[in-house]
Amino acid sequence: METQRHVLQLDLLMYPVLLLWTDRQDVFVGGNMFVYFSLEQVRNRDFRGPDFFVVPGVPRREHKSWVVWQEGKGPDVVIELISESTAAIK
């Protein structure tokens with residue numbers, strides 16, 4: 001469960017970047033969604049859901065998750081906001 005602080009921090013990351021690139025249709029800004037880097041991760045259920053990520057050079061559209069081999073590119077920037085529940089995860 002996210003805290004109010006977590007939501008505010010995520011907003012502080014996402015909205016300025018979205019405003020900066022509001023006129024560009026070739027930048028995807030995502031957050032709180034799974035990123036799948038390989039089929040092996042899917043099989044092992046070893047995937048990550050970063051709080052924030054940016055992928056330039058791809059068409060902007062709605063995504064339920066980010067699947068690198070389908071999109072042809074992984075995120076260039078990934079940020080995880082640390083919390084007590086995620087601090088020990090490597």
Can you give the calculated 222 nm mean residue ellipticity of the chain, where each DSSP H run of n ≥ 4 adds -39,500 (n - 2.57) and the sum is split over every residue, rounded to the nearest 500 deg cm²/dmol?
-> -8500 deg cm²/dmol
Lys and Arg at +1, Asp and Glu at -1: add these up for the other residues within a Cβ distance under 15 Å of E2 and post the number.
-> -3
Quote the FRET efficiency, to the nearest 0.05, computed for H63 versus S83 with a Förster distance R0 of 35 Å and r equal to the Cβ-Cβ distance.
-> 0.90
Taking r as the C-beta separation of N44 and H6 and R0 as 35 Å, the FRET efficiency to the nearest 0.05 is 0.85
List the relative contact order of the range 4-79 as a percent without decimals, with contacts defined as Cα pairs under 8 Å and 6+ residues apart.
-> 32 percent
Environment charge at V54 (Cβ cut-off 14 Å; Lys +1, Arg +1, Asp -1, Glu -1) = -2
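Every number in this text was worked out from the coordinates using simple rules, so none of it is lab data. Predicted, not measured: the structure shown is a model, and the values here were computed from it. Cβ coordinates were reconstructed from backbone atoms using ideal geometry, including for glycine residues, and neighbour counts include every protein chain displayed.
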